[in-house]
Amino acid sequence: KPQLVACNDRFCRFLEEYCPVVTETYYPTIWCWEGRVQTLLRPFITSRPQVQYRNELIKTADGGQISLDWFDNNDSLYYPDASTRPTVLLLPGLTGTSKESYILHMIHQSETLGYRCVVFNNRGIAGEDLLTPRTYCAANTEDLEAVIHHVHNLHPSAPFMAAGVSMGGMLLLNYLGKTGRDTPLMAAAIFSAGWNVFESVESLEKPLNWLLFNYYLTTCLQSSISRHRQMLEKLFDMDLVMKARTVREFDKQFTSVMFGYRTIDDYYEDASPCRKLKSVGIPVLCLNSVDDVFSPGHAIPVEAAKQNANVALVLTSCGGHIGFLEGLWPRKCTYMDRVFKQFVQAVFEHGNKIFSM
């Protein structure tokens with residue numbers, strides 16, 4: 001059974017009644033229960049539901065642009081009026097886009113409930129050009145704030161919440177820690193967030209984890225910026241950035257410099273959501289597996305979560321990073337997908353029961 005950590009009895013009762021999956025025993029796929037195996041296999045095993053997006057490019061205050069992919073769900077039977085159709089903002093992981101299988105599954109789950117989705121693609125990674133020499137990071141919430149207000153202004157009467165995965169979850173938590181109650185979001189769901197970046201990079205630098213994940217992730221980061229090399233060379237020694245062999249080296253040469261941090265430690269401290277958890281002002285459900293090498297179990301802020309009545313943690317013993325595979329042949333729905341579906345539906349259809357907390 002997952003461990004449910006929450007100090008608010010009303011929030012706990014709400015989850016037990018309307019999101020019962022968080023109290024059910026999670027049975028990982030027996031032939032790939034180990035966390036690293038789950039992490040590696042999920043992208044190859046899970047299906048990729050067909051989703052037709054409508055793309056929108058929005059301008060930012062600094063002259064850049066952000067790519068949003070909308071799933072309008074205009075055939076919604078439950079919410080035929082687009083102005084009041086519940087909307088879910090989805091934030092993919094570090095180098096992820098709207099094409100990731102876990103995002104497609106979230107949209108598929110939302111479609112069956114009649115909801116609209118919009119995917120926030122970080123700057124420069126969804127095929128659009130960089131108009132300024134700036135990308136993104138887990139600590140800087142300016143682009144996310146712009147997107148949230150843009151979506152809310154388009155549909156001010158529509159119930160609105162967000163879900164973030166991995167770095168998307170970290171970014172969302174950092175935004176919520178900054179804004180408190182001053183947000184148009186009703187609630188948020190967080191999946192496989194890295195709570196303490198220092199612990200995450202240390203875990204990823206262990207020899208086997210470096211071989212399986214760190215080097216590949218570093219090359220993905222380098223690939224995501226290489227297309228914009230001409231723009232970025234105005235500010236960076238790109239040859240040096242391309243020599244990085246770990247995420248820490250990449251962040252030291254590129255990310256921390258881009259966002260004006262004096263040292264990489266300053267950036268990692270600012271990017272770690274565990275420091276902001278006490279300031280979260282809306283209901284948030286966070287799912288982590290304690291065997292996630294990207295977010296080690298000992299670094300999950302259990303005690304801090306117990307200090308905030310708006311926060312609930314769901315901790316499984318297995319599941320890896322964005323894995324949570326279950327069943328003999330886990331092609332379709334994962335445990336994470338079921339948590340997402342039940343919590344989003346609970347918030348949109350019964351949320352008044354927790355908003356009086």
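A simple charge model with +1 on the Cβ of Lys and Arg, -1 on the Cβ of Asp and Glu and nothing else charged puts the dipole of the stretch 209-357 at about 300 debye relative to its Cα centre. Computed packing ranks the peptides 165-175, 197-207, 224-234 as 165-175, 197-207, 224-234, most packed first, by mean other Cβ atoms within 10 Å. The Cα atoms of the stretch 3-150 cover 49, 41, 36 Å along the three principal axes, with the biggest extent listed first. Dimensions of the chain from C-alpha coordinates, computed as largest minus smallest value along each principal axis and given longest first, are 54, 43, 39 Å.
For a quick protection proxy, order the peptides 63-76, 84-97 by their average other-Cβ count within 10 Å, most packed first.
Highest mean packing first, the order is 84-97, 63-76.
Using C-alpha pairs under 8 Å with a sequence gap of at least 6, the mean separation divided by the residue count of the stretch 178-286 gives a relative contact order of 52 percent.
Evaluate 2.2 N^0.38 Å with N set to the residue count of the stretch 67-122, then give the Cα radius of gyration divided by it. Dividing the Cα radius of gyration by 2.2 N^0.38 Å gives 1.11.
Averaged over its residues, the stretch 1-64 has an accessible area of 60 Å² per residue, based on protein heavy atoms and a 1.4 Å probe. Only helical runs count toward this figure. For the chain, summing -39,500 (n - 2.57) over DSSP H runs of n ≥ 4 and dividing by all residues gives -9500 deg cm²/dmol at 222 nm. Given a 1.4 angstrom probe, I'd like the percentage of the accessible area of the stretch 197-271 that is carbon and sulfur, rounded to a whole number. Percent of accessible area from carbon and sulfur atoms in the stretch 197-271: 52. Hey, got the dipole for the chain? About the Cα centre, +1 on K and R Cβ, -1 on D and E Cβ, debye to the nearest 20? So the dipole magnitude of the chain works out to roughly 200 debye. For the stretch 1-48, the mean projected area of the C-alpha convex hull, equal to one quarter of the hull surface, is 4.7 nm².
Which of the residue pairs 178/306; 59/234; 278/353; 1/99; 1/306 have a Cα-Cα distance greater than 25 Å in the structure shown? Long pairs (Cα-Cα over 25 Å): 1/99. A 1.4 Å probe run over the stretch 115-205, with the rest of the protein chains in place, finds 28 Å² accessible per residue. A 1.4 Å probe run over the stretch 278-327, with the rest of the protein chains in place, finds 27 Å² accessible per residue.
Contact order, relative form, for the chain: 27 percent (alpha carbon pairs under 8 Å, 6 or more residues apart, mean separation divided by residue count). Of all DSSP beta bridges located in the chain, what percent are antiparallel, nearest 5? If we restrict to bridges inside the chain, about 40 percent are antiparallel.
For the pair residue 269 and residue 77, a Förster radius of 56 Å applied to the C-beta separation gives a FRET efficiency near 0.75, rounded to the nearest 0.05.
Surface composition of the stretch 119-182: carbon plus sulfur atoms hold 47% of the accessible area, using a 1.4 angstrom probe and ignoring ligands, DNA and RNA. Compute the distance from the alpha-carbon center of the stretch 213-272 to that of the stretch 7-83, in whole Å. Value for the Cα centre distance between the two parts: 28 Å. At the listed q of 0.11, 0.14, 0.16 Å⁻¹, the Debye profile of the stretch 197-271, built from one uniform point per Cα, gives log10 I(q)/I(0) equal to -0.27, -0.44, -0.57.
The values are calculated or read from the model by the stated rules, or taken from the named source; none is laboratory data. Computed from a predicted model, the values in this text were never measured in an experiment. Positions of Cβ are backbone-derived with ideal geometry, glycine not excepted, and every protein chain shown enters the neighbour counts. With ligands, DNA and RNA removed, areas are computed over all heavy atoms of the protein, side chains included. Shrake-Rupley method; radii C 1.70, N 1.55, O 1.52, S 1.80 Å.
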